[in-house]
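Participant: One structure follows; several queries about it will come next.
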Amino acid sequence: MSGIAGVIELKGSKKDKQKINILLDKISHRGDKREILDISGGYIGINTSYDFKTRVGQDIVLMDGRIYNLDHLMTEYNIGENNSLISDSEKICLLLNKAGKNIFRDFKGSFALVIVDKEENIYLVRDFIGTKPLYYYKDGKTLMFASEVKSLIGFTSDIKEFPPGSYMVNLSKPKIIKKVNTDNYTIINDQDSGTMEDKLEKYLLKSMDTRIADSNLNMGVWLSGGIDSSIVAALLKEFTDEVHTYSVGHESSPDLIAAKEVSDYLGTKHTEYMLDTEELFTNIPKAIYHLESFDAPLVRSTLGNMIVSKISASSDIVFSGEGGDELFAGYNYFLEYNSSRVIQKECVNAINSLHNTALQRVDRTSNAYGVNIKLPMLDENLLNYVLKIPPKNKVRKDKNTGKYILRKVAAKYLPDDIAWRSKDKFWEGAGIEDTLEKKIDTIITDKEFSDNVESPDGPALRNKEEAYYYKVFKDYYPDVNIEDILSFTQDFN
């Protein structure tokens, strides 16, 4: 976990160290070790929970996250250093010096990165899915950036999300260099289903292995009892005997029942938390402050994610199955499509919307409670293979199911009723939806909702629940242009 920030002024402007401290104070939950570095024109800084080498000779490197293929790139670019003796930040600098800014396209991982080279060029880089957040403000004389919106809100309302798969040099515009695009993936036509299932299983195991630096760590899983989190828990058991699983929901909710079955089957050390209506409602302002959004389905999920983050914070690493629905066409709306081309396009659209919807939720809640979260389903090598799998191997209308090929692999590790369990959104399976809708319906009147909907200056609010969340959001993030930082999950009415 880390949070990065910076304030850079054009030469001749007065440097103000107080600003960087304010930026970092707002994201102090992202790490208890702070370092501020004086650079030409301003300051950059980091809050982190890791021991990370920030100075490499005359270069500076700050990073939230991890780049997983540095050793591979060192070999590919014939850099003759002993990888075991140098830090990741040193590898990043050696690669940049050797290959230039084109190296950013080769980085695979989950990261937001700041580099200041010996010529005092400043680079900002973000991973291609947007797993790690980054926001910025730029005018003709100032660049400010931070890991969360809340850092910048006191200085400007003109905040923009730094685009996933992009880099920026100095005060230039962000340049997109890598993006998930349907044209990049040629559908496999020369493999039978069994071969594809075997390859998928290998990619899944490799993705888990890449994210486990030490098998002696205390490792956990956010376990909903759905197929994605359940297969992640099952695969983790291949690497360590002791796995901790964490679940939340109302008593007797479908998620809690399924998660307990998975835990018993795998033999995990299971912790479950019973949700309380009043507790959920009381946590709404905190959830929206951390989340930085008022999208109703996202807020619902955040309320549960906050609690599962809190109860899982004792684990050194916690895995989540986030991304499985997008890669494997798991949402129920995929069953409405008859065209393989449309299914593929919608998978790509769903993946490209993750950065400021589901991944925003996972990032904010995990960092708010000090959880080191890992997302193996969004491994780039895995993603590159899955998007080549024919859509007919994911969506089986004859069986009324998505994620078919993933379920086939999961059936090797899990009970059939879990491997073939129907899809529920987290907030449905945990029992959150009815609880919140009923409560908020007594607070927001029909007229107040109608006035909000008809306001020419307001966003398109979809129901009373979202109207309530928007009121809270405006208290924390007034005047911010939501079009530059938010997108919204599919209509849920």
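The values are calculated or read from the model by the stated rules, or taken from the named source; none is laboratory data. A quick note: this is a predicted structure, and the numbers were derived from the prediction, not measured. For neighbour counting, all protein chains shown are included, and Cβ atoms are generated from backbone atoms with ideal geometry for every residue, glycine included. Quick note on the areas: whole protein, heavy atoms, side chains included, nothing else; ligands and nucleic acids left out. Shrake-Rupley method; radii C 1.70, N 1.55, O 1.52, S 1.80 Å.
Participant: Peptides 394-401, 478-485, 92-99: what's the order by average Cβ count within 10 Å, highest mean first?
Facilitator: Going by the mean number of other Cβ atoms within 10 Å, highest first, we get 92-99, 394-401, 478-485.
Participant: Which listed residue (L200, M74, N338) has the Cα farthest towards the positive end of the charge dipole for the chain, taking +1 on Lys and Arg C-beta and -1 on Asp and Glu C-beta about the Cα centre?
Facilitator: Of the options given, the answer is M74.
Participant: What three numbers, in Å, describe the spread of the alpha carbons of the range 454-493 along their principal axes, ordered from the longest?
Facilitator: Principal axes ranked by extent give 27, 20, 19 Å for the Cα atoms.
Participant: Kyte-Doolittle cut-off -1.0, length cut-off 20 Å along the helix's own axis using Cα: show which whole DSSP H helices in the chain pass.
Facilitator: Those that pass (Cα extent of 20 Å or more, hydropathy at least -1.0) are 193-210, 296-312.
Participant: With the full set of protein chains in place, find how many percent of the accessible area of the chain is carbon and sulfur; take the probe as 1.4 Å.
Facilitator: Exposed carbon and sulfur together represent 45 percent of the surface.
Participant: For the chain, just the Cα atoms, rotate onto the principal axes and tell me the three extents in Å, largest first.
Facilitator: Per principal axis, max minus min of the Cα coordinates gives 65, 61, 43 Å.
Participant: Next up: Bin width 5 Å, alpha-carbon pairs only: give the P(r) of the range 14-86 as whole percents, running from 0 to the bin holding the largest distance.
Facilitator: Percent of Cα pairs in each bin: 3, 13, 19, 20, 17, 11, 9, 6, 2.
Participant: Measure out, as a whole number of angstrom, how far apart the alpha-carbon centroids of the range 258-281 and the range 370-391 sit.
Facilitator: Using only Cα atoms to place each centre, the spacing works out to 25 Å.
Participant: With the cut-off at 1.5 for a/c, could you classify the range 234-278 from its C-alpha gyration tensor as rounded, prolate or oblate?
Facilitator: Prolate is the answer for the range 234-278, as a/c is 1.5 or above and a/b outweighs b/c.
Participant: How big is the convex hull of the Cα atoms of the range 74-230, per residue, in Å³?
Facilitator: Measuring per residue, one finds 208 Å³ for the Cα hull of the range 74-230.
Participant: Using helices alone, what [θ] at 222 nm do you get for the chain, with -39,500 (n - 2.57) per DSSP H run of 4 or more residues, divided over all residues and rounded to the nearest 500?
Facilitator: Value at 222 nm, helices only: -11000 deg cm²/dmol.
Participant: Say the dipole of the chain comes from +1 at the beta carbon of Lys and Arg and -1 at that of Asp and Glu; which of G57, I443, N481 then lies farthest toward its positive end?
Facilitator: Result: G57, furthest along the dipole toward the positive end.
Participant: Divide the volume of the convex hull of the Cα atoms of the range 382-426 by its number of residues and quote the answer in cubic angstrom per residue.
Facilitator: About 98 Å³ per residue, rounded to a whole number.
Participant: Right, another one. Where in the range 115-130 does the amide nitrogen come within less than 14 Å of the point 7 Å from the Cα of S49, taken along Cα to Cβ?
Facilitator: Once the point is set 7 Å along Cα→Cβ of S49, nothing inside the range 115-130 turns out to lie under 14 Å by backbone N.
Participant: Please give the peptides 165-174, 364-373, 125-134 ranked by average Cβ packing (other Cβ atoms within 10 Å per residue), highest first, as a rough proxy for protection.
Facilitator: Going by the mean number of other Cβ atoms within 10 Å, highest first, we get 125-134, 364-373, 165-174.
Participant: Cβ neighbours within 10 Å, averaged per peptide: list 302-312, 137-147 in order, most packed at the top.
Facilitator: Most protected by this proxy first, the peptides run 302-312, 137-147.
Participant: To one decimal place, what orientation-averaged projected area in nm² is obtained for the convex hull of the Cα set of the range 246-317?
Facilitator: Averaged projected area of the range 246-317's Cα convex hull equals 5.4 nm².
Participant: Using only the Cα atoms of the range 238-393, construct the convex hull and provide its projected area averaged over every direction, in square nanometres to one decimal.
Facilitator: 10.4
Participant: While we're here: With each pseudo-label sitting 7 Å past Cα toward Cβ, what's the D417-T182 distance in nm, one decimal?
Facilitator: 3.9
Participant: In addition: Taking K464 as the anchor, which lysines have their alpha carbon closer than 28 Å to its alpha carbon, excluding any fewer than eight residues away along the same chain?
Facilitator: K150, K160, K286, K423, K425, K438, K439, K447, K474
Participant: I've got another one for you. Could you point to the residue in I373, A213, G402 farthest towards the positive end of the chain's charge dipole, with +1 and -1 charges on the Cβ of Lys/Arg and Asp/Glu respectively?
Facilitator: Positive-most Cα among the choices belongs to A213.
Participant: Another one. Regarding the range 118-171, what are the three Cα extents along the principal axes, ordered largest first, in Å?
Facilitator: Largest first, the range 118-171 extends 30, 28, 15 Å along its Cα principal axes.
Participant: The range 160-278: Rg/Rh from Cα coordinates, Kirkwood Rh?
Facilitator: 1.11
Participant: Using the eigenvalues of the Cα gyration tensor, what equivalent ellipsoid semi-axes result for the range 24-142 when each is taken as the square root of five times the eigenvalue, whole Å, largest first?
Facilitator: Semi-axes, largest first: 23, 16, 15 Å.
Participant: Still on this structure, please answer the following. For the range 81-144, state the average projected area of the convex hull of the C-alpha atoms over all orientations, rounded to one decimal in nm².
Facilitator: With the hull built on Cα positions only, its mean projection is 5.5 nm².
Participant: Can you give me the Kirkwood hydrodynamic radius for the range 306-430, using every pair of distinct Cα atoms, in Å to one decimal?
Facilitator: 15.6
Participant: Related question: Please identify which residues in the range 265-281 have an amide N closer than 15 Å to a label point set 7 Å out from the Cα of S252, following the Cα→Cβ vector.
Facilitator: Answer for this model: 275.
Participant: Right, something else. Dipole magnitude of the chain about its Cα centre, charges +1 at Lys/Arg Cβ and -1 at Asp/Glu Cβ only, in debye to the nearest 20?
Facilitator: Computed charge dipole of the chain: roughly 1240 debye.
Participant: Just grab the label-to-label distance for D25 and T240, each label 7 Å out from Cα along the Cβ direction, in nm (one decimal).
Facilitator: Going by the 7 Å Cα→Cβ label model, 3.7 nm.
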